[in-house]
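Enquirer: First the structure, which I've put down as structure tokens, then a few questions once you've had a look.
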Amino acid sequence: MIKASGCLVYRFLLFIIWLSSFQDVAAHDKLNEHSSRSTTSELANPPGIGVSGPIQVSPSVIPKYASPALPWTPPMYPTFPDTYEPKLTGKCPTDFQAISSVIDTAASDCSQPFAALVGNVICCPQFVSLLHIFQGQHNVKSNKLVLPDAVATDCFSDIVSILVSRRANMTIPALCSVTSSNLTGGSCPVTDVTTFQKVVNSSKLLDACRTVDPLKECCRPICQPAIMEAALIISGHQMTVGDKIPLAGSNNVNAINDCKNVVFSYLSRKLPADKANTAFRILSSCKVNKACPLEFKEPTEVIKACRNVAAPSPSCCSSLNAYISGIQNQMLITNKQAIVCATVIGSMLRKGGVMTNIYELCDVDLKDFSVQAYGMQQGCLLRSYPADLIFDNTSGYSFTCDLTDNIAAPWPSSSSMSSLSLCAPEMSLPALPTSQTIKNHGFCNGGVGALRLIVLVFLLYVVVVRH
């Protein structure tokens, strides 16, 4: 991997170019016998799932275009789709204006065409949070915490229509695997406020979740066990949080998950929308940071090239770099997810007989596991805490990248994943470079400024015309 010192934090500016520009690029691609690439209608499909392959940003997938000289400016001033008044069903008795700020955040976080790139970390957590808040506040005068099936269908349709009218990707329900049934309470036996408050210690629940600490909740949870305890109680399972949930049948698990949605609805009823949204996003971040969302195959070629390597080897490093390049541009991931991804792949390599730390030999960094900026050899890792896409009429969509310096990918101590813990005292994110070690290459201001990289037309090209 080619290395370059950068800022601790920089912002990717992602521009939407005229639709005609996309069509011209797609047409040119077809003339060059790449007609098998998909269209914008498939954009929101999760990368690496199903028949579509991972998004490729490497120059090798765009052989007909030379890399432009830097600095580079877009060929035309960027413009963005206009918002419009959505056509609603008229059958959803809800004041959407009451939760307009949460809707606006969801529309921005799930913007087209970047929803798939940030789906796992930003878009889907915010969309699900919006549904929880809507479910709790759809009719505050009602005693019900869920919606009837027919009303849920209409309201879900209206929510998606409103989001799309505000530049969101129209297929976020499929991207996030969410349907109108998420609003109905499913098989949970308790669906109203009165019964809920009779069986659940609601004061204890609200105290635990009113203010969720993003620094402590994921490792020393307070709100999460309170939600689970309430869900277990209203589902009819007389057990404590520490007990193992019975798995003999899926009905038990489904009921508990449905009841968790009812608990979220109750919290949304009792908390201000902005506080509820903040809490739910933090809880989601705890969940997503525990797993690597990337899809990858067995590293057979890497194992073959690196099994007996004890010193830097061109063939080994070439094989490893090719393998990582094949997965790195599927989506944007967080710094903690990058640690998990690096550990998973490292464990697979150790299991195959690669005992040497080839990450160190081949200079593999954490940022190598996430989307790379074309032509800059800079990867973007999102923060492990909740983040949003910010829309500006002048600069477009932007988000903050974290840990962009050359922080080495961790090599696992064994082939087992059981030893990995992001909460153990000895396990934390690698130390950031000190101010003395940060080199200023003219992009930063004081070591913490914003390195503004324009993601070239090629990035938009491969997002729209999937390889």
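Enquirer: With the requirement that a residue be open to solvent by less than 50 Å² (accessible area, probe 1.4 Å), small (Gly, Ala, Ser) and modelled with pLDDT under 80, what does the range 393-415 give you?
Expert: Ser395, Gly396, Ser414
Enquirer: How many residues does the range 163-196 hold that are open to solvent by 10 Å² or more (accessible area, probe 1.4 Å), part of a helix (DSSP H, G or I) and either hydrophobic (A, V, I, L, M, F, W, C) or more than 20 Å from Asp95 (Cβ to Cβ) (or both)?
Expert: Of the residues in that region, 9 qualify.
Enquirer: Tell me which helices (runs of 4 or more DSSP H) are completely within the range 260-355 and hold 2 or more residues being open to solvent by less than 10 Å² (accessible area, probe 1.4 Å) and in contact with a strand residue (DSSP E or B) (Cβ under 6 Å, 6 or more places away or on another chain), or say none if there are none.
Expert: 335-351
Enquirer: Condition first: of a type in the set (D, E, K, R) and in contact (Cβ under 8 Å) with a residue 12 or more places away in the chain. Now tell me which residues in the range 138-172 satisfy that.
Expert: Of everything in the range 138-172, those that are of a type in the set (D, E, K, R) and in contact (Cβ under 8 Å) with a residue 12 or more places away in the chain turn out to be Lys144, Asp149, Asp154, Asp158, Arg166, Arg167.
Enquirer: Residue under question is Val178, and the condition is that it be at pLDDT 95 or above and among the β-branched types (Val, Ile, Thr); does it hold?
Expert: In short, yes.
Enquirer: Do we have any residue at all in the range 201-210 that's hydroxyl-bearing (Ser, Thr, Tyr), more than 30 Å from Leu117 (Cα to Cα) and surrounded by 16 or more Cβ atoms within 10 Å (Cβ to Cβ)?
Expert: So far as the range 201-210 goes, yes, one or more of its residues are hydroxyl-bearing (Ser, Thr, Tyr), more than 30 Å from Leu117 (Cα to Cα) and surrounded by 16 or more Cβ atoms within 10 Å (Cβ to Cβ).
Enquirer: Has the range 149-160 got any residue that is of a type in the set (A, V, I, L, M), farther than 24 Å from Ile282 by Cα, open to solvent by 60 Å² or more (accessible area, probe 1.4 Å) and in a loop (DSSP other than H, G, I, E, B)?
Expert: No, that holds for no residue.
The values are calculated or read from the model by the stated rules, or taken from the named source; none is laboratory data. Predicted model, so just to flag it, every value in this text is computed and none were measured. Every residue, glycine as well, gets a Cβ built from its backbone with ideal geometry; the counts of neighbours run over all protein chains shown. Surface accessibility is based on the protein's heavy atoms, side chains included, excluding ligands, DNA and RNA. Shrake-Rupley method; radii C 1.70, N 1.55, O 1.52, S 1.80 Å.
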